[in-house]
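Worksheet: one structure, shown below.
The values are calculated or read from the model by the stated rules, or taken from the named source; none is laboratory data. Treat the numbers as computed from the prediction; the structure is a model and nothing was measured. Because the Cβ atoms are built from the backbone with ideal geometry, glycine has one as well, and the counts that use them run over all protein chains shown.
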Amino acid sequence: MLSKTRLVVMASGNGTNALNIIKYFENDQNIEVNSIITNKKTAKVIDKAELLGVKTTFMGRGDFYEYDNCLQYLKQNADYIILAGFLWKIPDNIIKAFEGKIINIHPSLLPKYGGKGMYGANVHKAVIDNK
């Protein structure tokens with residue numbers, strides 16, 4: 001039997017998009033959401049994902065930017081990375097290791113409309129304000 005393609009979803013907040021991705025693939029024979037990575041200990045996505053049987057992992061700034069903890073975790077658990085409202089810039093080491101295997105569903109036009117405060121309606125308002 002072939003192994004399933006493993007998705008790791010990265011989310012920072014409520015997790016609505018992450019949960020939709022989990023539910024979409026929950027009965028798929030070829031693809032699974034292996035885990036959720038969050039950078040916020042109080043993110044609502046944590047409890048919601050765990051209720052659906054998907055493990056969650058917290059990664060702080062050091063895990064992303066100073067050490068290779070996140071990269072090592074991803075290499076062990078992910079074939080593809082899905083950014084679903086993840087609010088930190090992804091470090092170059094992760095981008096290089098997963099080149100062509102990162103999908104960002106965040107609605108921002110990066111990098112111009114990313115970063116602090118750029119989520120939900122704030123992104124759309126900033127784009128409209130800048131015509």
For this session: For the range 42-63, state whether one or more residues are of a type in the set (S, T, N, Q) and either in contact with a Leu (Cβ under 9 Å, 6 or more places away or on another chain) or in a loop (DSSP other than H, G, I, E, B) (or both).
Result: yes
For this session: Scan the range 30-52 for residues that are surrounded by fewer than 17 Cβ atoms within 10 Å (Cβ to Cβ), at pLDDT below 95 and within 29 Å of residue 2 (Cα to Cα) and jot them down.
Result: 50, 51, 52
Exercise. Taking the range 56-95 as the region of interest, how many residues are closer than 13 Å to residue 11 by Cα and in contact with a strand residue (DSSP E or B) (Cβ under 8 Å, 6 or more places away or on another chain)?
Worked result: 10
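In this structure, does residue 80 turn out to be farther than 19 Å from residue 46 by Cβ, in contact (Cβ under 8 Å) with a residue 24 or more places away in the chain and buried (at least 17 other Cβ atoms within 10 Å of the Cβ)? Steps first, please.
On the way: farther than 19 Å from residue 46 by Cβ: yes; in contact (Cβ under 8 Å) with a residue 24 or more places away in the chain: yes; buried (at least 17 other Cβ atoms within 10 Å of the Cβ): yes.
Taking the combined requirement at face value, the residue satisfies it.
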For this session: Filter the range 98-123 for residues that are modelled with pLDDT of 90 or more and surrounded by fewer than 16 Cβ atoms within 10 Å (Cβ to Cβ) and give the result.
Result: 99, 100, 101, 103
Exercise. What residue, of 30, 20, 34, is of a type outside the set (Gly, Ala, Ser) and either free of Cβ contacts under 8 Å to residues at least 12 places away in the same chain or on the phi > 0 side of the Ramachandran plot (or both)?
Worked result: 20
Seminar exercise, completed: Scanning the range 39-60 for residues that are more than 13 Å from the chain's Cα centre (by Cα), touching a residue at least 24 places away in the same chain (Cβ under 8 Å) and closer than 22 Å to residue 116 by Cα gives 44
